[in-house]
Every structure is written in structure tokens, then in C-alpha cells.
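The values are calculated or read from the model by the stated rules, or taken from the named source; none is laboratory data. Computed from a predicted structure; not experimentally measured. Here Cβ is always computed from backbone atoms with ideal geometry, including for glycine, and neighbour counts include all displayed protein chains. These area figures cover heavy atoms from the full protein model, side chains too; ligands, DNA and RNA do not enter into them. Shrake-Rupley method; radii C 1.70, N 1.55, O 1.52, S 1.80 Å.
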Amino acid sequence: MVRWVAGIAGALVLAYVALMVGASELAEEVVVLRTFDARGAAHETSLWIVEDDAHSLWLRAGMPTSSWLERIRERPDVELVRGGTTALYTAVPVAAERERIHALMRERYGLADRIISALRDGSESVPVRLDPR
């Protein structure tokens, strides 16, 4: 019985991960954000991106403890690879913009965003504005 329950729990975890990865890959555009740790080592994360009416670029961390967001809090200077071009930005977390950025993500990424939103508590996500350097 214990094996059966463990097997079901394992299958549920795998299904959750598969849904998250699958939904992420449905996205219209995925960029690479390069953040830097305290030692200066680069870390790359694939993320969705949106642009608002003011032409600001925005990312969204699903959780406030996301490793890339924690690195931004330590070192906000980042590199963004978009369409094969690398640009330099200062990343600024702006929690007050959560609902507006959720709406922009829903509009741009449609079904993929709805799937991700159903699997994660959006009330803790953190929008991140990219200011050109």
C-alpha cells in the first residue's frame, strides 16, 4: 500500500513538472536572462517577457524565492538575450505592478499562461521591470 501511494505521489509530481515545462514551451517568445551571483558567476534562465504601453520590458518571477530573483536582489545588473541580441539592463522588482503584468502575460501568452497560473499561486509572483543601462 505504501508503495502504491508513493508511486501515485511520484506520478503527480512528474505530471506537475511536465505541465509546467510543456506550458512554458508553448510560449510565443522566450528570452534568456543572465544574472550574476555574489562571485560574479553568470546564471541563465529562460523566461517569458512582455512590453507595456510605455515600452518597458517586464519579466515575472513565479515565486519570491526564485533563484534568479534572489540574484537580482543582490546584483540588479543583468543581461537579456532576445532574438540573438544581448542587451544590458538593471532589473527592478516592482510588486505593486503584479496584476497589470499578470494581465499582460495572459494577453500575450494565452493558454500557456492560463496553465501556468492554474498550477501556481500568482498572488506571490514578482514582476521585474528591465531598465536599460
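Each residue of region 48-53 was assigned a 3J(HN,Hα) from its phi angle through the Karplus curve 6.51 cos²θ - 1.76 cosθ + 1.60 (θ = phi - 60°); the sequence is 7, 9, 9, 10, 8, 4 Hz, with glycine and proline shown as x.
Add +1 for every Lys or Arg and -1 for every Asp or Glu among the other residues with Cβ under 9 Å from the Cβ of GLY62, and state the total. Summing Lys and Arg as +1 and Asp and Glu as -1 gives 0. Remark: the Cα gyration tensor places region 38-99 in the oblate category, a/c being 1.5 or greater and a/b not exceeding b/c. Average accessible surface for region 29-133: 53 Å² per residue, computed with a 1.4 Å probe over protein heavy atoms with every protein chain in place.
Dimensions of region 87-133 from C-alpha coordinates, computed as largest minus smallest value along each principal axis and given longest first, are 34, 20, 15 Å.
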